[in-house]
6 protein chains.
Amino acid sequence: MMKILIINPNISSSLSELIATEARRCAAPETEITVLTAPFGVAYIETRAEAQIAGYAVMQLAAEHYADYDAVIVAAFGDPGLEALREMLPIPVVGMTDAALASAAQLGGRISIIAISQRIQAWYRETVEREGHLARLVSIRALDETLSDISQVQQNQGERLIELANQAVKQDGADSIILAGAPLAGLARSVSSQLPVPALDGVSCAVKQAEALIQLYPNQAQRSGSYALPPRKACQGLSQELALLIGGEIKDQT
Amino acid sequence: MMKILIINPNISSSLSELIATEARRCAAPETEITVLTAPFGVAYIETRAEAQIAGYAVMQLAAEHYADYDAVIVAAFGDPGLEALREMLPIPVVGMTDAALASAAQLGGRISIIAISQRIQAWYRETVEREGHLARLVSIRALDETLSDISQVQQNQGERLIELANQAVKQDGADSIILAGAPLAGLARSVSSQLPVPALDGVSCAVKQAEALIQLYPNQAQRSGSYALPPRKACQGLSQELALLIGGEIKDQT
Amino acid sequence: MMKILIINPNISSSLSELIATEARRCAAPETEITVLTAPFGVAYIETRAEAQIAGYAVMQLAAEHYADYDAVIVAAFGDPGLEALREMLPIPVVGMTDAALASAAQLGGRISIIAISQRIQAWYRETVEREGHLARLVSIRALDETLSDISQVQQNQGERLIELANQAVKQDGADSIILAGAPLAGLARSVSSQLPVPALDGVSCAVKQAEALIQLYPNQAQRSGSYALPPRKACQGLSQELALLIGGEIKDQT
Amino acid sequence: MMKILIINPNISSSLSELIATEARRCAAPETEITVLTAPFGVAYIETRAEAQIAGYAVMQLAAEHYADYDAVIVAAFGDPGLEALREMLPIPVVGMTDAALASAAQLGGRISIIAISQRIQAWYRETVEREGHLARLVSIRALDETLSDISQVQQNQGERLIELANQAVKQDGADSIILAGAPLAGLARSVSSQLPVPALDGVSCAVKQAEALIQLYPNQAQRSGSYALPPRKACQGLSQELALLIGGEIKDQT
Amino acid sequence: MMKILIINPNISSSLSELIATEARRCAAPETEITVLTAPFGVAYIETRAEAQIAGYAVMQLAAEHYADYDAVIVAAFGDPGLEALREMLPIPVVGMTDAALASAAQLGGRISIIAISQRIQAWYRETVEREGHLARLVSIRALDETLSDISQVQQNQGERLIELANQAVKQDGADSIILAGAPLAGLARSVSSQLPVPALDGVSCAVKQAEALIQLYPNQAQRSGSYALPPRKACQGLSQELALLIGGEIKDQT
Amino acid sequence: MMKILIINPNISSSLSELIATEARRCAAPETEITVLTAPFGVAYIETRAEAQIAGYAVMQLAAEHYADYDAVIVAAFGDPGLEALREMLPIPVVGMTDAALASAAQLGGRISIIAISQRIQAWYRETVEREGHLARLVSIRALDETLSDISQVQQNQGERLIELANQAVKQDGADSIILAGAPLAGLARSVSSQLPVPALDGVSCAVKQAEALIQLYPNQAQRSGSYALPPRKACQGLSQELALLIGGEIKDQT
């Protein structure tokens, strides 16, 4: 059995439900999925600042819970906290953006991302670049209306999203499409037949990549390299679990 | 059930057995593995020229057999014929190099490749660059003796390979290691505990990536983009299966 | 008068003193320097995970205090939280790494970084890349002993640091040297005559760059682009100041 | 006297005639041109898959005939088999794309490619990138009608091609134009006065580059590096000439 | 006191006045500004050729005058002669383009350049690339009318320049704007409130960067690296000052 | 007949003789070679500053003499003034570095440069990068003794140069070697049989590339793009020929 912890870095429990539904639909029979929701932060991450906040929330949840799991998934596009978790945890850590891009790349050619807000594009682009996939990205196209209900965007904006995807194929030369962001979890599956190129979403890609990594490189702390534990050092103001995880010695606060 | 066709682009049936053993060991229970051996070519691909020959052999085998499978794996480091197959087949096509690099990248940081011959390094490096992973590659290190028996290299050179991997970690700053080439299939699994960073091999990575893609993007021909079928055109001298696959009209040879 | 807030993302108040001393020494007469120390985190940031924690601490301090200042400096190499602050604050935000690299680049040629621990190198390199200066970086060289007292590293390791800098010039082809990290604040000034190329440190570079930006682009919120405020949205669990800053509507927690 | 073997990787003998005409028109008086047509493959290469097939056809022809020549030219845009031939042959091997780009680059600035089909663009772009010229490429513009007769495209589509070239100059900022593909051989010469920037075609560039390389680096096998002969190894199913060329030991097939 | 020599590489003394006015407006109280005009060259540099001429004029002026100054600024966009001066002079040398880009980069995100002529764009783009900032550049937009009076372009074309800047923000995704070229000196300051993102100009950025470098790395010749003096060698036909500066031994011309 | 003007940007007439000898040896029978020596500058260009001076000398000679020629060659490694000439002249302009790299690239793989002084390496590397060939460069290796007589370096240092070339092949992975700089003109030809990979020199490559371009794109001014003539503008202090060439209106100096 593979136990995967999915952390929703947004505070929206309705998004966590969307994520859980798609994750369970695509997981292997022997995979058990748990979804946790960020205890603090914002409803839907669109900016570098919101991602920075979310990264800390993700670390706290991971520190408390990882010991019971075989892999962790960070389930917001932009992958907040991804590298920090990879460095701390002795189990594989998968990001939605990174997993979707790694999967799409293996279908061949160039990729477009369809996003749910204009404001989110710069952060997405920087994420794609930071994770090393920029050369494959031909465009990011995004909805330009304010979203009244983030958990209903598939229903309310479905047709417009398909239209954007078709534009990405025809005008930008995309060979595959990523329907980005947790609010679009599962949409790729349902609209696949309406698009002339493969469409993927981050949640299902992340689940399959997590299952793959669990089997390829099971639980084991690195003893060397830049993902090994750093030297012990004083820390303060951290939860006990987080302090323990990063090898901190809790500093006497007198 | 997922049916995966693995094509060994080398003519060595002993390598095909090695590949099949490791592939079956790591495949999901519902996966069925078939391994075919290139009908023409060389014993072990080390050069651009040998890869060019192998690419054609791979195309012929794929054209004849793909219709019965859910995905195809090209099982030689350097991925001969990979892009050609991705373009022609309506099912996912996975390369050993590409799959290993995509998997290693998701463990984080930078990667070294351990290879079994000096001569092979330039071709490996060009493959890594062509597939978009060069920024993560810190080094390729290789055995420098002539190999008497390609199917026994794990037994005969196992310690030297571990030594090279340790050098890659300590001197080159590798955060993970790929033990490259079909002759090393399965070695990553057995030496994992002797290395201070994750070690992966191409065969198992390719199987897991193929299973993932089958579930993420099931069998479907692309109708647009650069992987869609080209316009029909005259062809000659091709096997009937290959001609059919690329949309060729067999030219009258009178 | 220019008022600059320097945030030390480490919890070490002895480092804050080092930073304050060097900052005041190089600041313009009309500049007033305030240094605040992170209320939670670790003694000295060396990893991606520690930087992720520090980024959140930096955001909290900035949210509480920025309104009284003309610019903010993030005073740890690796620039934790830099992009998040730039996005939120209507005043210039300068990072130690970014400022040192921007200054060194204007002296011409290629740059080496001298660091105080081996473990810190990967994070430094990723920072340099993320901030767009990788093409100029010829090497990072680092002390390899465990440091007993981070605030005494200049005294205890001064000669070894000069030796590393000379190696960077002779063996790596560096045209300038950055003595990196808050613990080395001021060292560049004192060892300058012993090095055959220019040496810079992050604190003084950041102060001069902050003064420059205050005069070039005074206090003003962006109304467009990816650094403008995002749409208002629900948030929870954030300090009131932080919520206010990112435009969050505090979510009713009933 | 310089003897140049031009291999047309397409099966169309009408294209071979076009190529031969332009090659002889621009060759030095002391150059003797021979053009051979691929014995198998497709009428006109537009895809990665067709290029993979062509690469093998090119290798077979080269193996049989190179011994009588001073240089070989691969005469299809996309340069199928180019690197394989460079590796095997002790004489210079020139590709149409590579030669056109190397020549255009020496006229200065940035380059556009005018192509004869939409479908061909992705393969062209990947070729330009693989050969290291991507930074100079500002656009690829292509005819969008199906071509009734590949050998008449200059006559039938001449004006539209000039129009595309002018758009590349005015809208994309091209400083020179490559009229790409063997079917356009010679067009650059005839339309040159109608274009406001230099126009080049691949056949004439390849002939001049081949003549240059023959004189700069006469016939000589490399004894070291990644273009030297690989260790001898078993092979099967190859023509005797090809086996000989790659150093294969023909494997006993019992 | 800091003494800064600004060299106007154009022959237009009206431009020198514009430059001097803006430079003095933004300089620190303790800074003394001197502006010299190129004794030969063109009215306004727009091309690589004009920049090559200007580079030599700049060297001559610098050689004659640098000894009395703490820093030199090259005050034409495109930075003619910048690297040559950095190599020869023992004091910091700042370029308008380089300083503007380094400053804008520290405000975050991506940058557009607004230029005063179409013809100048290629040279600007090559400068941005050569100086290592190309990844941040989203566009160059330029006036397309012939300019009757280069010193009146702010008055005559002010509204059109603001319009171009707004297009760069909305259509190209610019997070900041550089109003480029000496003729636009000071415009950023006056139109700042009409633009939705930060606007900078090269003259004020260069002055602030020069002041910063003077304080960070005071007057000192490099003894090593690629900016150290080359071995003495014969020279001829140079002004005595220039010969002296580059370490030339004046060749006997008999 | 093709008439090629070679400009030696160094003031050494002994170098001009070396250049002329090698140029005539490799030129086509119908090519006429003229070599001119820079009237001012230094004995042997090693730095950015010396190249800046040389660029102006090259422009003056070209302006005076180009009208009688079919192509111009700039015959110093580092290609001083190359882009300026390309922009001004209606005939092809070839640089030694650019031509050598373009030729070596067509032999395949990666390249090392062997140089005659340590100090010259940074300038060479920057030239290779500026001209777009950096990805192929594996190393620059250089003599480290002071050269007593630049025109005798082949005789005096021949063995050491071969040794450096062999190191480049074995230790750096070079697939070809460029023996750089006018003082090594012709050496590639004479030592070719002692090296295990192809060796090229800049003079002969430049001659062959110039001949190629003359035939590919005969004399014709560009009417559009960034190499077209700029708008007429005031100039002063230039030779009449240079003023005429850049379209300058000589400014009244009263």
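The values are calculated or read from the model by the stated rules, or taken from the named source; none is laboratory data. Just so you know, these numbers come straight off a predicted model, no measurement behind them. Virtual Cβ from ideal backbone geometry, glycine too; neighbours counted across all protein chains shown. Quick note on the areas: whole protein, heavy atoms, side chains included, nothing else; ligands and nucleic acids left out. Shrake-Rupley method; radii C 1.70, N 1.55, O 1.52, S 1.80 Å.
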Inset, instruction - Step through the residues of region B:38-47 one at a time and calculate ³J(HN,Hα) from phi using the Karplus curve (6.51 cos²θ - 1.76 cosθ + 1.60, θ = phi - 60°), rounding each to whole Hz and writing x for Gly and Pro. - result: 4, x, 9, x, 10, 5, 7, 6, 10, 10
Inset, instruction - Grab every C-alpha pair in region A:147-186, bin the distances at 5 angstrom width from 0 up to the longest one, and report whole percents. - result: 6, 23, 29, 22, 14, 7, 1
Legend entry - Interface area, D with B, accessible, probe 1.4 Å, both sides summed, Å² nearest 100: 3400
Inset, instruction - Just read off the accessible area of F:MET88 with the full protein assembly in place, 1.4 Å probe, to the nearest 10 Å². - result: 20
Inset, instruction - Please list the radius of gyration and Dmax for chain E, considering alpha-carbon atoms only, with Å as the unit. - result: 18.2, 65
Inset, instruction - Largest first and to the nearest Å, give the Cα extent of region A:100-202 along each principal axis. - result: 34, 29, 23
Inset, instruction - Can you tell me which of F:166-172, E:196-202, F:224-230 comes out highest on packing, and rank the rest after it, using the mean Cβ neighbours within 10 Å? - result: E:196-202, F:224-230, F:166-172
Inset, instruction - Using just the helices of chain E, give the 222 nm mean residue ellipticity in deg cm²/dmol: DSSP H runs with n ≥ 4 each add -39,500 (n - 2.57), and the total is spread over all residues, rounded to 500. - result: -12500 deg cm²/dmol
Legend entry - Entries of D:LYS3/D:LYS233; A:LYS170/B:LYS3; E:LYS3/E:LYS208; C:LYS170/C:LYS208; D:LYS3/F:LYS170; C:LYS3/C:LYS208 with Cα pairs more than 24 Å apart: D:LYS3/D:LYS233; A:LYS170/B:LYS3; C:LYS170/C:LYS208; D:LYS3/F:LYS170
Inset, instruction - One decimal, nm, shortest first: give the distances between the label point of C:ILE250 and those of the same position in the other copies, each label point 7 Å from Cα along Cα→Cβ. - result: 2.8, 7.9, 7.9, 7.9, 8.7
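D for region E:150-216, whole µm²/s, Stokes-Einstein with Kirkwood Rh over alpha-carbon pairs at 37 °C and 0.692 mPa s: what number? Can you show the working numbers first?
Values: Rh = 12.6 Å.
Translational D for this selection: 260 µm²/s.
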Inset, instruction - Could you work out how far apart the two model spin labels at A:ALA228 and B:ASP144 are, taking each label as a point 7 Å from the Cα in the direction of the beta carbon, and quote it in nm? - result: 2.6
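Given a Förster distance of 30 angstrom, what is the FRET efficiency for B:ARG24 paired with A:GLU32, based on the Cβ-Cβ distance and rounded to 0.05? Before the final figure, lay out the partial values.
On the way: r = 25 Å, r/R0 = 0.84.
After rounding, the FRET efficiency stands at 0.75.
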Legend entry - Isotropically averaged projected area of region F:107-156, using the convex hull of Cα atoms (one quarter of hull area), nm²: 4.3
Legend entry - Of all DSSP beta bridges in the protein assembly as shown, antiparallel share, percent nearest 5: 5
Inset, instruction - Name the helices (complete DSSP H segments) of chain F with a Cα length along the long axis of 24 Å or more and a Kyte-Doolittle mean of at least 0.0, or state none. - result: F:48-65
Legend entry - Scattering curve values for region B:28-91, log₁₀ I(q)/I(0), Debye with Cα scatterers, q = 0.17 Å⁻¹: -0.58
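What's the local net charge at F:ASP144, with K and R +1, D and E -1, over the other residues with C-beta under 14 Å away?
Values: positive: C:LYS170, F:ARG119, F:ARG141, F:ARG160; negative: F:GLU46, F:GLU145, F:GLU163.
That sum, taken over residues with Cβ under 14 Å, equals +1.
If you wrap region C:1-120's Cα atoms in a convex hull and average its projection over all directions, what's the area in nm²? Each step should come with its number before you reach the end.
Values: hull surface 31.1 nm².
Computed as one quarter of the Cα hull surface, the answer is 7.8 nm².
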Inset, instruction - Please work out how much accessible surface E:CYS205 shows to a 1.4 Å probe, ignoring ligands, DNA and RNA, in Å² rounded to 10. - result: 0
Inset, instruction - On the full set of protein chains, 1.4 Å probe, figure out the accessible area of E:ASP175 and give it in Å² to the nearest 10. - result: 10
Legend entry - Residue-normalised accessible area of chain D, given per residue in Å² at a 1.4 Å probe: 32
Legend entry - Carbon and sulfur %, accessible surface of chain E computed with the full protein complex present, 1.4 Å: 46
Legend entry - Angstrom value of the Kirkwood radius, inverse mean 1/r, which spans all Cα pairs in the protein assembly as shown: 33.5
Inset, instruction - Report the relative contact order of region C:107-201, percent, no decimals, based on alpha-carbon pairs under 8 angstrom and at least 6 residues apart. - result: 35
Inset, instruction - Place the label 7 angstrom along Cα→C-beta at E:GLN194 and in each other copy, then list the distances from the first to the rest in nm, shortest first. - result: 4.5, 4.5, 5.6, 7.0, 7.3
Legend entry - For the axis carrying chain F to chain B: nearest C-beta residue of F, whole Å: F:ALA135, 7
Legend entry - Other copies of F:ALA228: label-to-label distances in nm, shortest first, labels 7 Å along the beta-carbon direction: 3.6, 3.6, 4.9, 5.3, 6.2
Inset, instruction - Calculate the mean, over all residues of peptide A:55-65, of how many other protein chain Cβ atoms lie within 10 angstrom of the residue's Cβ. - result: 2
Inset, instruction - List the residues of region D:162-193 whose accessible area drops by at least 50 Å² when all protein chains are present, compared with their chain alone, using a 1.4 Å probe and counting only protein heavy atoms. - result: D:ASP175
Legend entry - Pairwise centroid distance, computed over Cα atoms, of region F:149-167 with region B:107-157, Å: 35
Legend entry - Karplus (6.51, -1.76, 1.60) ³J(HN,Hα), θ = phi - 60°, over region D:76-90, in Hz, Gly and Pro reported as x: 9, 4, x, 6, x, x, 4, 5, 4, 5, 4, 6, 8, 8, x
Inset, instruction - Starting from the Cα of C:GLN171, step 7 Å toward the Cβ, then list every residue of region C:95-117 with an amide N under 12 Å from that point. - result: none
Legend entry - Centre separation in Å (Cα based) which lies between region C:1-76 and region A:188-254: 28
Inset, instruction - Sum up the charges of everything whose Cβ sits under 15 Å from the Cβ of E:SER103, counting Lys and Arg as +1 and Asp and Glu as -1, but leave E:SER103 out. - result: -4
Legend entry - Occluded residues from region A:1-19, i.e. those whose accessible area drops by 10 Å² or more once the chain is not alone (1.4 Å probe): A:ILE11
